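The values are calculated or read from the model by the stated rules, or taken from the named source; none is laboratory data. None of these values were measured; they are calculated from a predicted model. Using ideal geometry, Cβ is built from the backbone for each residue, glycine included, and neighbour counts are taken over all protein chains shown.
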Amino acid sequence: MPPTLLTSRELAEVMGVSESSVKRWADEGSLRAHRTAGGHRRIAVPDAVRFIRKTGAAVVQPHVLGLPDVATVHHASDEGDEEALFRWLRAGEDARVRGLLQARYLEGTSVAALLDGPVRGALARIGEIWRIREDGVFEEHRALDVLLDALRRLGELLRKPAPGAPAAVGGAPSDDPHLVPTLGVSMVLTEAGFHTANLGPDTPMTALLAGVRRLSPRLVWISVSSLVTGDLGEYWRRTLEALEPGAELVVGGRHLRDLEGIDDPRLVALGSMTELEARVEALEGRPPDPE
């Protein structure tokens, strides 16, 4: 099981620096650390990851951080991340997929950039295999299972939102079975500091409205990645009616439709995870930077 807390010595081993350097960074406040009852420093893994990303530090002993798979792909081949991810997803090489996403995140790539870049490209190509191969559906389903596990493991590296941080809730509408888009939105918002409730695919309107009423979210998201049969216009209108003042509804996905006739500044249509990331950064009432 990956560690949840690191000692100063362990983080020094991860980064290939002296223990005294880690203690100095913690004492001066640039690295968040907690003290035990005995006065020893302890660093949560997400705080260590945040420091590594912020400073551009090397990770020379990823297994100490609980990320042994990073070592298998830290130095990418010349084929590029999308091509490597495509091959490894097709082959069901879960360790390499996990390692690639974790390595790029440690190097400073945001969750949004990973999703819009190699993940989107590789998934689009895998989704076409069934057209030309009899075993294409098998490969697609296995690849999806491997990717979802890798994304959830990546999510464990994200710092938990601060107490009192605003909430966000969302999912995909009824008849939309896609797991990755709405999970991706949840991860981008978690990285931005929101408490998120991802209701997942095939979410009935009643379930989403219940979440809005119960959580009073600052932001609601709906991802439409399939041609759904329901009335999306009604979905948008009823969700907007349920929002509290200052909240907004973010919608997106390759099958987004039925926005005509809805003139409401709280409804925002976005085309990518990177656009969502930028929107959240400009949002009034967003979580403060924890640093």
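Structure above, values below:
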read-out	value
In segment 30-72, the residues that are part of a loop (DSSP other than H, G, I, E, B) and in contact with a helix residue (DSSP H, G or I) (Cβ under 6 Å, 6 or more places away or on another chain)	31, 32, 33, 57, 59, 61, 62, 64, 65, 67, 69
Hey, residue 206 farther than 27 Å from residue 106 by Cα and either exposed (fewer than 14 other Cβ atoms within 10 Å of the Cβ) or under 18 Å from the mean Cα position of the chain (by Cα) (or both) or not	yes
Given (1) surrounded by fewer than 17 Cβ atoms within 10 Å (Cβ to Cβ); (2) under 25 Å from residue 147 (Cβ atoms), index of the condition residue 196 fails	(1)
Single residue of segment 30-54 satisfying the filter (over 15 Å from residue 106 (Cβ atoms) and out of contact with any strand residue (DSSP E or B) (no Cβ under 9 Å at 6 or more places or on another chain)) that is modelled with the highest pLDDT	30
Residue count for segment 178-198, restricted to those that are part of a loop (DSSP other than H, G, I, E, B) and closer than 30 Å to residue 65 by Cα	4
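Conditions tested, residue by residue: (1) touching a helix residue (DSSP H, G or I) at 6+ places or on another chain (Cβ under 8 Å); (2) in a helix (DSSP H, G or I); (3) crowded, with 20+ Cβ neighbours inside 10 Å; (4) not polar (S, T, N, Q).
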{"site": "105", "(1), (2), (3), (4)": "yes, yes, yes, yes"}
{"site": "119", "(1), (2), (3), (4)": "yes, yes, yes, yes"}
{"site": "124", "(1), (2), (3), (4)": "no, yes, no, yes"}
{"site": "159", "(1), (2), (3), (4)": "yes, no, no, yes"}
{"site": "170", "(1), (2), (3), (4)": "yes, no, yes, yes"}
{"site": "176", "(1), (2), (3), (4)": "no, no, yes, yes"}
